[in-house]
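These notes are about the structure you will find just below.
The values are calculated or read from the model by the stated rules, or taken from the named source; none is laboratory data. Note that the coordinates shown come from a computational prediction; the quantities given were computed from them, not determined experimentally. Cβ: placed from backbone, ideal geometry, glycine included. Neighbour counts: every protein chain shown.
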Amino acid sequence: MVLCIVDCPIESIAVFRGRRTVSDPHRLYEIRCPVHGFIQINDWEREIVEQPAFQRLRRIRQLAWTDQVYPGAMHTRFEHSLGVMHVATRLYESIETRFKEMLRKELGFDEAGFRREKCLVRLTALLHDVGHAPFSHAAEELFPFQDESLSEDKRKRFKHEHYSASIIRTRLRDVIENHVLNQNYHLRADEIANLLEGKPQAGRALLWRDLISGQMDADRIDYLIRDSIHTGVDYGKFDWRRLVNSVELIAGVDDRGLTMGVSEGGYHAAEGLIIARYFMFTQVYFHKTRVAYDIHLKRALAELLPGGVFPKPEDTGLSDYLRWDDWRVLGALADGKGGDHGERLAQRNHFREVYHTPESPTADDVITLGRVREALGDLLQAEELSETSAYKFGRPDIPVVSDNPDRAVNPLSTVSSVVRGLLPVGKVMLYCRKEDVQEAEKRTQDVKGGGG
Amino acid sequence: MKLAYLLQTVKGVPLGYNFRLYTYGPYESDVLNDLGQAESMRAVGSKIVAYPSGSGYVFSPGPEREKVKSMAREDLAKYENTITWAITEFGHRTAADLELLSTIIYADRDSCERRQRISPDDLCRQVREIKPRFSEEYVQQNISFLKEKGMLLALSGYVASNHSP
């Protein structure tokens, strides 16, 4: 075993020294999961899970402050990551079993290649969220800009995927590349990071992006069901096993790229997924009170973070970033930090929603929104758009392969009247302080009564 | 989807999308979400059409298009010529060609972001690994087309961090 001392943060050295002597690298372990029963991992994956960067996910809640509305929503990114690996494996196995010949012909896979790709998919799914900020998506607006020299309209912030890729390439490189089981596959940390980021260097492995980040991906399947169970609502449950068994790999027509879809026999399971997304979004992810807590968390975090943003995902910045988790934020709030918004979080004195558009606003609704916004004036404390939510419900569509001999491919929305009837959610919510609610409602009434 | 990618990446129109690469080229679900919003607001309408291999949608201007356009009048005026350029230059291309062209540009910009020059052969090799159905000759033809139009930066020796894919 080689100790890498140069540029090695202290937490990694501590793990290297404590590494177990493995008697059987092929031993399998099982972890209990409220969604999937048992999740199986091998010794290589267990070593990765034991790394401090991955263990940090135990201290990052999946749904931020949603427990303020649904008290059971205390689950973390740790178990979700294991769940995504489990579901991604099922999807991969379904595709490999039923489309082996197509994959051989189109992309040149052989049996060794299939085994290697399965490892790549599992590890990418396992590590897809390793770079999340405290309280998950709530903090994403506090990532720094990638290039501050650009004009404001062209600047882009880093995303948690960038942090995940950086962690994989640095903190997890040794455990990924040097485990004895990897002598069978020679996987490199860069391959996992490239697949996660959707880089051209991922090459033919880009095919698997649909399993990890697509319309019916493992991430979505796991979190819908997991969030449903922990919040106590039934909306997120659907027949995911049927969906996995019905997944289709669709050969691109006229030289278009391979895509993932579902067979006609399984399209109702795909309908279930989309309906689950719609209900979970409107009832949980974009719940007015949950969104209010996201507002306060963002603003409190901006006061806690040096410069109001997280460190960049490079060099010492990444080490600093990995010290941020929910515990650190909660500790700071308990110490009275975080300003007015920290106080509001601690006292459950959140902003109140005083106006919202319909779920799918028309042009006239948008005009009315503008008038209400103007009427509220300085009472308006925040405006939240469903389009900016990480869970937004837009225009999902999944290709459906006909069971007829022609094997025609049709968008799910042309096959399903239920999906066709669903409109994208473009709801906007306006918030004010609790003490201003009465006055705000009066001003809003004036606008709707034609007085604005 | 691919026209939105070209507008943002090649012409710098600040659409705010975050494209990622798939086997079918750069993709961003927010493009479809915004199209859905436009349809919901009746700025566009859609109808189902049949193709030899299945079916899909054709979009057309909707009854509320002028009202919705008026909400973004300034931005639309600012980028009108650029939008016309995209339609003129690429509107007649097949979906497969647009996937290929946008994949070439994505790989080019990725090289820029990594501050690496790339040769036409290396770019071709990288693209063909993602799009194996296209012949080397065809990919090289399209690389030359884009280079002549000034749309490839890494091939032209321009390496900077502010031209992300």
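The table that follows gives values for the structure above.
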item	result
Residues that are over 22 Å from the mean Cα position of the chain (by Cα), in a loop (DSSP other than H, G, I, E, B) and farther than 18 Å from A:Asp364 by Cβ, drawn from the range B:24-71	B:Pro52, B:Ser53
So A:Ala73, is it on the phi > 0 side of the Ramachandran plot and surrounded by 19 or more Cβ atoms within 10 Å (Cβ to Cβ)	no
Members of the range A:400-433 that are in contact (Cβ under 8 Å) with a residue 40 or more places away in the chain and at the interface with chain B (Cβ under 8 Å from one of its Cβ atoms)	A:Ser402, A:Val409, A:Leu423, A:Pro424, A:Gly426
Lone qualifier among A:Gly377, A:Gly370, A:Gly450, A:Gly426 - being on the phi > 0 side of the Ramachandran plot and at pLDDT 90 or above	A:Gly377
Answer from A:Val253, A:Val262 - the residue that is within 14 Å of chain B (Cβ to nearest Cβ), of a type in the set (Val, Ile, Thr) and crowded, with 24+ Cβ neighbours inside 10 Å	A:Val262
Lone unmet requirement of (1) in a helix (DSSP H, G or I); (2) away from chain A (no Cβ under 11 Å) for B:Met151	(1)
Breaking point among (1) assigned to a strand (DSSP E or B); (2) surrounded by fewer than 19 Cβ atoms within 10 Å (Cβ to Cβ); (3) of a type outside the set (D, E, K, R), for A:Ile41	(2)
Conditions (1) buried (at least 18 other Cβ atoms within 10 Å of the Cβ); (2) within 14 Å of another protein chain (Cβ to nearest Cβ); (3) within 22 Å of A:Glu177 (Cβ to Cβ); number of the one not met by A:Gly113	(1)
Candidates B:Ile48, B:Ile105, B:Ile87 - the one that is buried (at least 17 other Cβ atoms within 10 Å of the Cβ) and either more than 10 Å from chain A (Cβ to nearest Cβ) or of a type in the set (A, V, I, L, M) (or both)	B:Ile105
The one condition in (1) free of Cβ contacts under 8 Å to residues at least 40 places away in the same chain; (2) within 19 Å of A:Ala408 (Cα to Cα); (3) among the aromatic types (Phe, Trp, Tyr) that A:Tyr267 fails to fulfil	(1)
Residue match in the range A:216-232 (condition: at pLDDT below 95, under 30 Å from B:Ile104 (Cβ atoms) and at the interface with another protein chain (Cβ under 8 Å from one of its Cβ atoms))	no
Residues of the range A:296-318 that turn out to be over 19 Å from the mean Cα position of the chain (by Cα) and part of a helix (DSSP H, G or I), as a count	14
A:Val437 vs. criteria surrounded by 19 or more Cβ atoms within 10 Å (Cβ to Cβ) and in contact (Cβ under 8 Å) with a residue 60 or more places away in the chain	no
Which listed residue is over 33 Å from the mean Cα position of the chain (by Cα), modelled with pLDDT of 95 or more and over 28 Å from B:Ile48 (Cβ atoms), from A:Glu353, A:Glu383, A:Glu439, A:Glu343	A:Glu439
Residue in the range B:54-65 that is more than 8 Å from every other protein chain (Cβ to nearest Cβ), surrounded by 17 or more Cβ atoms within 10 Å (Cβ to Cβ) and of a type in the set (Phe, Trp, Tyr) present	no
Any chance A:Leu181 is under 30 Å from A:Ala292 (Cβ atoms) and either surrounded by 20 or more Cβ atoms within 10 Å (Cβ to Cβ) or aliphatic (A, V, I, L, M) (or both)	no
